[in-house]
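A short reminder: the numbers here are calculations on the coordinates, not readings from a lab. As the structure is a prediction and not an experimental result, all values here were calculated from the model. Cβ placement follows ideal geometry from the backbone for every residue including glycine, while neighbour counts extend to all protein chains displayed.
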Amino acid sequence: MNSIKTWLARPGVGSTMLLAVLLLAILPLSLDAFRLNLVGKYLTYAFVAVGLVMVWGYGGVLSLGQGVFFGLGGYAMAMFLKLEASDPISTKIQSTPGIPDFMDWNQLTELPLFWLPFKSLPLTLILVIAVPTLLAFIISYAMFKRRVGGVYFAIITQAVALILTVLIIGQQGYTGGVNGMTDLKTVLGWDIRTDSARLILYYVCSGLLLGSIVLCAWIQKSKLGTLLLAMRDKEDRVRFSGYDVADFRIFVFCLAAALSGIGGALFTLQVGFMSPSFVGIVPSIEMVIYAAVGGRMSLVGAVYGTLLVNAGKTFFSESFPDLWLFLMAGLFIGVVMAFPMGLAGVWESKVVPWWRGRQSALREASAARPQPPSPPPHAPMKSTAPTDAKLPDGTSGQSV
């Protein structure tokens, strides 16, 4: 029992357990199917926020183009789903049956070569992670090996997001253009549009998110995490100690890209479509806001920040359709000004000290309370029988 209490008292374990209870028990039991599907969509963004905690909070590298990797993972999954929905029987009215409808509209007569790997689900799952990671490696290797960082790296990632958006929209015959890929229905014949399927996908998303948090927490507590913090604060000292700073930053940037790709693939499964509107600069900046609101040094806080911002966006857009953008801007500015370290900073600086002070005061009050006097020791019991009492045999009761 003591070992379990010690394990739960470790930093981050208790908060992760509470998040798991919230995601796996409380929300599914308290929300209807529609709202739970919305939460599942929000949790796909949380993968990006968790990755930003690693690359920005721990690595000290601000990326304003994480929507690129989110979109690549989403498009990889959408390509598989679109090919499954474009079987020859379902597309027999097209000029070229067996290819996606937007390709037929753009006078393509055969499936492009780079689409062929996405006919296999296992290969698609690999590419969901491999494609964003490969692009992240190319970008980060080219930048970090030349010691390009700070605001210059952030601007370059924004440029990559803009370029990819223009490329997706321009190549309409291969990507679906501005409309994206829609009408995604099944995975290996399993209808993903039903309430039961969306519930299963919600649990899959929650489980993978919790697993990602555990993995990132393990990295943070390892020697690699210590080096990331050291590079963020004293880069030159780490370099003079013999470490290659660029290699560590390349690794953590690729890790954040892989997590973003997983989130994008789950988003496609949850929502049923993917479009270039999730790839550009605006969604990338919103994803940074998720991490900033939750706390850029807290993995669990990033999830809460994502849920809070998206729940606020949904509530304000439903209740105040004409003012919701201004209200969201006020929320962002207010949180950043009042809580510069996000929700996790409020928890650590306000709630935890208050709770510890309260527990200490209770212990001091219990120690200062006067104790009741202890009862006197029991006196030996005296016999009440008369010493000269006669016993039944006629002898005296007085001892000899």
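Once both axes come from the Cα atoms, what is the angle between helix 150-170 and the longest principal axis of the chain, in degrees from 0 to 90, rounded to 10?
Helix 150-170 and the main axis of the chain meet at about 50 degrees.
Between SER241 and LYS92, what length in nm is gained on full extension when 0.36 nm per residue of separation is reduced by their alpha carbon distance?
Answer, rounded to one decimal: 47.1 nm.
Can you tell me how segment 221-284 classifies by the Cα gyration tensor, rounded, prolate or oblate, using a/c under 1.5 as the rounded cut?
Prolate is the answer for segment 221-284, as a/c is 1.5 or above and a/b outweighs b/c.
Going highest first, how would you order 267-279, 324-336, 217-229 by mean Cβ packing within 10 Å?
My ranking of the peptides, most packed first, is 267-279, 217-229, 324-336.
Between SER366 and ALA25, what length in nm is gained on full extension when 0.36 nm per residue of separation is reduced by their alpha carbon distance?
Stretched fully, the SER366-ALA25 segment lengthens by 119.1 nm.
With a point put 7 Å past each Cα toward its Cβ, work out how far THR16 is from LEU121 in nm, to one decimal.
Taking the simple label geometry, THR16 and LEU121 are separated by 2.9 nm.
So what is the relative contact order of the chain, in percent, for Cα pairs below 8 Å that sit 6 or more residues apart?
Relative contact order, the chain: 28 percent.
Would segment 64-223 count as rounded, prolate or oblate if I go by the C-alpha gyration tensor, calling it rounded below 1.5 in a/c and otherwise prolate when a/b exceeds b/c, oblate otherwise?
Oblate, because a/c is 1.5 or more while a/b does not exceed b/c.
Rounded to the nearest 20 Debye, what is the dipole magnitude of segment 123-270 about its Cα centre when Lys and Arg each give +1 and Asp and Glu each give -1 at the C-beta?
With Lys and Arg at +1 and Asp and Glu at -1, about 460 debye.
Which FRET efficiency value, to the nearest 0.05, is calculated for GLU318 and ALA159 with the Förster distance at 25 angstrom and r the Cβ-Cβ distance?
0.10
With an 8 Å cut-off on Cα pairs and a minimum separation of 6 or more residues, tell me the relative contact order of segment 68-187 in percent.
36
Can you compute the modelled spin-label distance between SER277 and LEU108, with each label point 7 Å from Cα toward Cβ, in nm?
2.3
Nearest 10 degrees, 0 to 90: what angle lies between the long axis of helix 324-338 and the longest principal axis of the chain (Cα atoms)?
On a 0 to 90 degree scale, this one is about 50.
Expressed as an acute angle from 0 to 90° and rounded to the nearest 10, what is the orientation of the C-alpha long axis of helix 195-221 relative to the principal long axis of the chain?
70
Quote the charge dipole size of the chain about the Cα centre in Debye, to the nearest 20; the model charges only the Cβ of Lys and Arg (+1) and of Asp and Glu (-1).
About 1320 debye.
Within the chain, how many lysine pairs that are 8 or more places apart, or on different chains, have C-alpha atoms less than 17 Å apart?
7
Can you give the relative contact order of segment 249-306 as a percent, counting alpha carbon pairs under 8 Å and 6+ residues apart?
Value for segment 249-306: 18 percent.
Which of TRP218, VAL245, LEU228 sits closest to the plus end of the dipole of segment 214-259, meaning its Cα is farthest towards the positive end, when Lys and Arg get +1 and Asp and Glu get -1 on the C-beta?
Result: TRP218.
Mind checking which of VAL53, THR91, LEU111 is farthest towards the positive end of segment 1-148's charge dipole, using Cβ charges of +1 (Lys, Arg) and -1 (Asp, Glu) about the Cα centre?
Of VAL53, THR91, LEU111, it is VAL53.
Add -39500 (n - 2.57) for each DSSP H run of 4 or more in the chain, then divide by its residues: what number comes out at 222 nm, to the nearest 500 deg cm²/dmol?
-21000 deg cm²/dmol
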